[in-house]
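Report on the following structure.
Just so you know, all these numbers are worked out from the coordinates, no wet-lab data involved. Values in this document were obtained by computation on a predicted structure and should not be read as measured data. Here the Cβ positions follow ideal geometry from the backbone for every residue, glycine too, while neighbour counts run over all protein chains shown.
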Amino acid sequence: PSPYPSLEPSLSLSVQPSVSNKPSVVPSSEPTVCYEDPEDLFLRRVLNGSSVYRSCGWLQNNPRFISASCKRNTTDGVKESAKFVCLNTCGTCGEMNPSQIPSARPTTLPTSLYKPSQSPSRQRPSSCPENSNSKFFFRFKLNDPTRPLFRTCGWLQSRGSGKLNICQTTESHETVQSARHVCLSTCGTCPYESP
C-alpha cells in the first residue's frame, strides 16, 4: 500500500477498515437491531422423526454446541435452526439483510425476499409506511402466560423465513396488535385501494 492517497477509488474492497480520527461526512444507515430472548426456541435436531428444540439460553450455557448449532440451515416447518433464532449467540445479527455484493458460493437456503412480478399489478399502489421501531405482540413468555413478549418491526425484518409464521398470527395483547397489523410492509399485508 502507498502512504499517499490515490486520486481515484480502487477497484477492490480493502481487507480492513480504515482508521480515522475524523467523523464521516455521511452518516451510516441505522444500526442493525438484534434482540435475542433466552427463552426463544430453535430446532436443535430431528431424532427418530421427532423434533428436538432447545432455547437460546440453553445454547449460551452450553458453548460446546454453539459452533455446530449455528452452522445448521434447517427447519421442521415449526422452528428454525439456531442461526436464525439465536442471532447474538450465533453472531448472525444482520446477516439476514441482503448484501450489496454477491457471495462467492450460493447459499443452501433461499432468502425470503419478494421478487417483482413479470406483469404489473392492476391495482394502484397504496402508501404503506412502516416504522422499524413499532412494537407488536409476539407471544407470551414460555411457562408464564401472564408475561407478554413484544418485538419490533426491525426485529421481524431480520427473521428470514421465520417471519412468515409470525406474520400469520392475529393474536394481540391489550392495545398491542399482531405483526400482520403493525408491520404491514414486512408482512406483505399493506391494504390496497380499489381503482
Worksheet entry | Using a Förster distance of 41 Å, the FRET efficiency for Cys128-Asn48 (Cβ separation, nearest 0.05) | 0.35
Worksheet item: Taking the Cβ of His173 as the center, what net charge do the other residues with Cβ under 11 Å away carry, scoring Lys and Arg +1 and Asp and Glu -1?
Response: +1
Response to the item:
Env charge @ Thr189, Cβ radius under 13 Å, K,R +1 / D,E -1, value +1
Practice prompt. Report the percentage of all Cα-Cα pairs in the range 41-90 whose separation exceeds 15 Å, rounded to a whole percent.
Written response: 33
Worksheet item: For the range 135-187, how big is the tail of P(r) above 12 Å, as a whole percent of Cα pairs?
Response: 60
Worksheet item: Taking the Cα-to-Cβ direction at Arg64 and at Thr169 and moving 7 Å from each Cα, how far apart do the two end points lie in nm?
Response: 3.4
Worksheet item: Taking R0 as 22 Å, what's the FRET efficiency between Lys71 and Asp144 from their Cβ-Cβ distance, rounded to 0.05?
Response: 0.10
Worksheet item: Which entries in the list Lys83/Lys135; Lys71/Lys135; Lys83/Lys163 go over 20 Å, if you measure between the two C-alpha atoms of each?
Response: Lys83/Lys135; Lys71/Lys135
Practice prompt. Can you check what the net charge comes to around Leu164, using other residues whose Cβ is under 13 Å from the Cβ of Leu164 (Lys, Arg +1; Asp, Glu -1)?
Written response: +3
